[in-house]
Amino acid sequence: QVQVAESGGGLVQAGGSLRLSCAASGRTFSSYTMGWFRQAPGKEREFVAAISRSGSITYYVDSVKGRFTISRDNAKNTVYLQMNSLKPEDTAVYYCAASSDITIRTGLSRYKHWGQGTQVTVSS
């Protein structure tokens, strides 16, 4: 089992940057594919980015490509989401999640371990 907890959210102006962190408990962090998701008010939770167990493979939703970067440090049991050139439409609660799948998945149901989320608000 792994437990995850997000941090690093906040209020930022459009064009600004934030870095989210997700700290995981347990000694098997490197055996999980990790993902970031977000949920805006009145909308469904959506996939944002994911990273393979080793960190060598990443995948992004088209709307954040070139602006967001996912990375992980298995020695620190932490995954990050660097968000640059933020837009008001990036405003959402951002969730970190862990999947036991070997390959990267974008479906919410493939991720069994979720954090409580961290609010990101981008003002125009």
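The values are calculated or read from the model by the stated rules, or taken from the named source; none is laboratory data. The shown structure was predicted, so the numbers you read here are calculated from the model rather than taken from an experiment. Cβ placement follows ideal geometry from the backbone for every residue including glycine, while neighbour counts extend to all protein chains displayed. Accessible surface is based on the protein model in full, side chains and every heavy atom, while ligands, DNA and RNA are left aside. Shrake-Rupley method; radii C 1.70, N 1.55, O 1.52, S 1.80 Å.
On average, how much accessible surface per residue is there in the chain, in Å², for a 1.4 Å probe, leaving out ligands, DNA and RNA?
Per residue, the chain has an accessible area of 51 Å².
Please give the length that would be gained between R27 and S63 if that part of the chain were fully extended, namely 0.36 nm times their separation in residues minus their C-alpha to C-alpha distance (nm, one decimal).
Residue separation times 0.36 nm, minus the Cα-Cα distance, leaves 9.6 nm.
Which aspartates and glutamates, on any chain, are close to K43 with Cα under 19 Å apart, when same-chain ones fewer than 8 places away are left out?
Qualifying aspartates and glutamates at Cα under 19 Å: D62, E89, D90.
Would you grab the residues whose amide H sits under 5 Å from the one on L86? Only those 5+ places off in sequence or on another chain, please, with H modelled 1.01 Å from N.
It is G15, G16, by chain and number.
What is the dipole size for the chain, taken about its Cα centre, with +1 at each Lys and Arg Cβ and -1 at each Asp and Glu Cβ, in debye to the nearest 20?
Taking the Cα centre of the chain as origin, the dipole is about 240 debye.
Pick out, in residue order, every one of the GluC sites (Glu not before Pro) in the stretch 1-109 that is DSSP loop and has at most 11 other C-beta atoms within 10 Å; say none if there are none.
E44
Quick one: if you stick a label point 7 Å off each Cα along the C-beta vector at A75 and K43, how many nm between them?
Roughly 3.7 nm, to one decimal.
Name the residues whose placed amide hydrogens come within less than 5 Å of the amide hydrogen of T91, ignoring near sequence neighbours (fewer than 5 apart) on the same chain.
V122
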